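Asks: My questions will all concern the structure given below.
The values are calculated or read from the model by the stated rules, or taken from the named source; none is laboratory data. Everything numeric in this text was worked out from a predicted model, so none of it was measured. Ideal geometry is used to build each Cβ from the backbone, glycine not excepted, and the neighbour counts take in all protein chains shown. Ligands, DNA and RNA are stripped out before the accessible areas are found, and what is left, the full protein with its side chains, is counted by its heavy atoms. Shrake-Rupley method; radii C 1.70, N 1.55, O 1.52, S 1.80 Å.
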Amino acid sequence: MVLHSPIKKEEVPLSTSDLSYVLTPPPSLELEASLSSSSSDDGIGVPSTKKQNASANGISSSSLRCESDQSTSSKKKDEPHTKVHEDIKSVTKSWWGSMLNGYSVICRLTIVLVVILSWYYAHRIIAGSTEQHDEMLEYEEYDDEEVEDLAPWDIWGKGFDFDKQRDFWIADEDLPHDLAADLQSTNDDIKNEALARRQLDPSRWDTFGYWEIYHYYACDKILFSSPRPVWSEQLFRNVRDFYHAFVENNDSPSSTYQANDDVYDMSQNAIPYQSGGNKGRGLKAARDIKRGDVIFKSSNNTIIFNDGHSFRKFLFEMNERFADPGMVCDILVWAWVQDVAGEIPYAGVVDLDNGNLLNDFGLGDNLNADLESIKDYVNIRCRGATLECYASKDIAEGDELLGDYSDFVSYYSWTSMGL
């Protein structure tokens with residue numbers, strides 16, 4: 001490998017003109033030199049310390065003058081570039097201002113048009129939502145044929161078919177003690193229910209319809225002989241846990257599911273209480289509620305059954321788990337059939353929270369309510385597959401919440417689900 005030695009710049013002799021430039025400095029440098037020589041160390045000229053430092057570093061005064069001259073020359077060389085830059089900036093500013101002046105009218109008109117269109121469409125959306133909401137809150141008038149013989153209890157069907165021929169009958173000597181006592185009851189409802197229970201074969205539980213399950217667990221006697229307690233939150237939680245275990249062990253897990261994953265706390269709007277009479281438990285306003293406020297809606301506590309057998313199996317297994325027939329009766333009267341969107345025309349629905357305590361306007365003292373006065377009783381309206389329930393009027397704190405089951409219930413449809 002060949003190593004190249006550094007190339008040294010050759011010394012070029014100075015011409016006469018160059019020599020005269022060095023020997024005769026510019027006037028500015030002569031003035032600086034005169035000031036430096038006439039001033040003291042603390043004077044205006046170059047400080048003595050700077051001269052000393054320059055001398056110490058082997059730098060002559062002529063070298064300092066050359067540096068100063070080069071700096072001045074450089075500034076003079078940069079002046080044309082600065083002027084060009086300022087000219088470009090001035091032209092750009094002038095062009096931008098001309099463009100704004102030329103298009104200012106168009107821009108302003110465009111902004112005004114955008115604002116008007118935004119307001120128009122926003123107004124239409126809000127107005128449409130308000131109209132739909134108000135329409136939901138207005139009470140729907142029924143045809144005479146539709147309301148003929150309509151009663152709240154009809155949502156569960158026509159009741160037990162006593163005329164149906166059954167090949168099962170419990171002999172007198174085999175009657176359980178409680179069933180034998182109910183057959184002698186002076187209460188016609190309890191006595192008739194005992195007659196129905198006598199015809200139901202426990203081994204054929206998987207064929208029971210809604211009313212057969214209802215009477216099999218003596219729900220008339222349980223629900224109306226004495227007030228049923230309001231379920232605690234812990235009991236609801238235990239039943240929800242049981243439901244999840246039921247789904248995991250179910251042969252057809254897709255036959256039942258939660259309505260959605262939403263968590264909704266209705267306690268801020270409604271609280272359960274014993275309303276008394278045939279209505280039993282109910283809900284009352286936890287605060288002053290304004291018309292249109294959401295009271296409750298379907299949530300992850302809303303359970304849906306796509307077929308009757310899954311619901312039937314859930315009830316019988318729940319009775320085995322909790323050993324309380326009253327809980328089965330509660331679920332039966334809380335559940336309803338709803339027309340749902342999708343391939344399944346009907347589904348059984350039940351809330352595993354206190355939302356199921358909403359009473360119908362026609363229960364209790366309002367059982368024979370005249371349709372003309374229906375608005376005097378109903379203060380909750382429910383609509384849609386999501387089952388959102390709103391206040392249809394202002395409700396004072398402590399007033400009972402009353403709905404109309406026909407808002408969300410498909411009448412006479414348990415048989416359509418095999419129940």
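Asks: For region 246-259, how many residues meet the condition of being exposed (fewer than 14 other Cβ atoms within 10 Å of the Cβ) and either modelled with pLDDT of 95 or more or part of a loop (DSSP other than H, G, I, E, B) (or both)?
Replies: 2
Asks: Same structure again: Can we say Arg166 is in a helix (DSSP H, G or I), of a type in the set (Lys, Arg) and open to solvent by 30 Å² or more (accessible area, probe 1.4 Å)?
Replies: It is false that Arg166 is in a helix (DSSP H, G or I), of a type in the set (Lys, Arg) and open to solvent by 30 Å² or more (accessible area, probe 1.4 Å).
Asks: Just to be sure I understand, how many residues within region 169-184 are open to solvent by 40 Å² or more (accessible area, probe 1.4 Å) and either within 17 Å of Val328 (Cα to Cα) or of a type in the set (Asp, Glu) (or both)?
Replies: 4
Asks: In region 197-235, how many residues are under 19 Å from Gly418 (Cβ atoms) and of a type in the set (A, V, I, L, M, F, W, C)?
Replies: Total satisfying the criteria: 5.
Asks: Here is a follow-up. So in region 275-301, with the set limited to residues that are in contact with a helix residue (DSSP H, G or I) (Cβ under 6 Å, 6 or more places away or on another chain) and of a type in the set (Lys, Arg), which one is least open to solvent (accessible area, probe 1.4 Å)?
Replies: That would be Arg281.
Asks: Residues of region 383-398 being modelled with pLDDT of 90 or more and either on the phi > 0 side of the Ramachandran plot or open to solvent by less than 60 Å² (accessible area, probe 1.4 Å) (or both), which ones?
Replies: The answer is Cys389, Tyr390, Ala391, Ser392, Ile395, Ala396, Gly398.
Asks: Another question about this same structure. Could you pull out the residue among Val349, Val378 that is modelled with pLDDT of 80 or more and outside any loop (DSSP other than H, G, I, E, B)?
Replies: Val349
Asks: So, restricting to strands (runs of 3 or more DSSP E) that lie completely within region 269-327, which ones have at least 2 residues that are under 30 Å from Thr207 (Cβ atoms) and at pLDDT below 90?
Replies: Correct list: empty, since no element meets the threshold.
Asks: If you don't mind, there's one more thing I want to ask. Hand me the list of helices (runs of 4 or more DSSP H) wholly inside region 185-245 holding 3 or more residues that are open to solvent by 50 Å² or more (accessible area, probe 1.4 Å).
Replies: Per the criteria, 188-197, 219-225.
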